[in-house]
Amino acid sequence: MTRTLLALALVAGTLPVVAQRGIDDGGFGRGRGRGAPEVILAANLPYSGLFEFTRIRYAAAGGLMRGGPMWSHDYARAEANFTKILVELSTVRARTEASAVLGFDDPALFDHTIAYIVEVGAWVPSATEGEALGRWLRRGGTLIVDDFREQDWFNFEAQMKRVLPAARLLEIPEEHPVFDAFYHFTDFDQVRHPYGGLQTQFWGIFEDNDVTKRLMVIANYNGDIAEYWEFSDQGFFPIAYSNEAYKLGVNYIVYGLTR
């Protein structure tokens with residue numbers, strides 16, 4: 001299984017390029033970084049019943065990163081590469097040539113079980129967005145939070161308090177089912193931020209603040225697993241690191257779809 005994952009990571013860049021619709025990202029999120037081949041995903045197509053990678057877009061004060069909105073970091077190469085791996089390795093039926101890019105207050109969010117957000121140090125949801133996110137989470141949604149470090153923690157914690165006032169961020173135990181949902185993941189010490197090498201910690205919000213109940217929010221603190229997905233076919237990072245990032249992502253999706 002590990003060899004299969006490694007091989008797929010090497011060829012992930014052969015994804016088809018299809019028309020993109022409805023996303024204004026300033027051209028940033030189209031895989032142009034570091035000379036990587038361009039990948040353009042169709043966006044916000046009619047709901048099909050298949051799993052669709054759903055990224056959260058938001059307005060950020062101060063706003064741009066590497067020329068694009070904060071929410072678009074690693075878009076769209078990360079989800080393009082990841083969904084191809086997900087389909088090849090699991091029984092999840094997923095769209096590989098399209099994704100969803102939605103605000104928390106978009107009613108279409110309730111068509112999706114899992115959503116992904118990055119750079120939460122810059123995320124300040126409106127009252128409407130916060131209320132919708134809380135309702136979505138309570139109805140069974142799973143939010144994956146990626147690409148944030150120490151300087152982002154306090155804002156993320158404060159915003160989640162607005163969304164779910166009674167909730168607390170708790171460290172996810174290593175024996176939690178999310179780390180055994182598809183892969184039996186044990187290499188926690190090997191998961192590092194791609195820049196600077198900080199060891200990633202896994203925090204979450206659980207129903208009723210009880211670690212034995214459903215995990216509603218999964219946060220990769222001091223981590224950026226999608227950076228590995230984005231460039232897994234470009235040779236910028238050791239393949240072993242990309243493999244671990246893919247394993248975590250597959251586990252998160254399988255857990256979210258089965259809880």
Worksheet item: If you look at just the Cα atoms of region 186-259, how large are its Rg and its Dmax in Å?
Response: 13.3, 43
Fill in: Residue order, fewest to most beta carbons within 10 Å, for R214, R93, R57
R93, R214, R57
Worksheet item: Where Lys and Arg each count +1 and Asp and Glu each count -1, what net charge lies around Y183 among other residues with Cβ under 11 Å from its Cβ?
Response: -2
Item to complete: Please list, in chain and number order, the residues 5+ apart from R55 or on another chain whose amide H is under 5 Å from its amide H, with Hs placed from the backbone.
Response: A100, V101, L102, Y116
Item to complete: Would you work out which of P125, W71, S90 lies farthest towards the positive end of the dipole of region 57-128, given +1 charges on the beta-carbon of Lys and Arg and -1 on that of Asp and Glu, about the Cα centre?
Response: S90
Worksheet item: By per-residue mean of other Cβ atoms within 10 Å, what is the highest-first order of 166-175, 36-45, 76-85?
Response: 76-85, 36-45, 166-175
Worksheet item: How many nm separate the modelled label positions at D210 and F188, each set 7 Å beyond the Cα in the direction of the Cβ?
Response: 2.3 nm
Item to complete: Report the full-extension gain for the segment T91 to R138: residue separation times 0.36 nm, less the Cα-Cα distance, to one decimal in nm.
Response: 14.3 nm
Worksheet item: Using θ = phi - 60° and the Karplus form 6.51 cos²θ - 1.76 cosθ + 1.60, what ³J(HN,Hα) does each residue of region 96-109 get, whole Hz, x for Gly and Pro?
Response: 10, 10, 8, 8, 10, 10, 9, x, 5, 8, 7, x, 5, 4
Worksheet item: From the phi of every residue in region 175-188, what ³J(HN,Hα) in whole Hz does the Karplus formula 6.51 cos²θ - 1.76 cosθ + 1.60 yield, where θ is phi - 60° and glycine or proline is x?
Response: 8, 5, x, 4, 8, 9, 5, 9, 8, 7, 8, 9, 8, 4
Response to the item:
For the D105, I239 Cβ pair and Förster radius 35 Å, calculated FRET efficiency rounded to 0.05 is 0.35
Response to the item:
Output row, site L50, 7 Å Cα→C-beta label point, backbone N cut-off 19 Å, window region 94-120, residues 94-102, 109, 111-116
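Every read-out reported here was derived from the displayed coordinates using simple, explicitly stated rules and does not represent laboratory data. Every value quoted in this text rests on a predicted model; they were computed, and no experiment measured them. Every residue, glycine among them, receives a Cβ derived from its backbone with ideal geometry; neighbour counts consider all protein chains shown.
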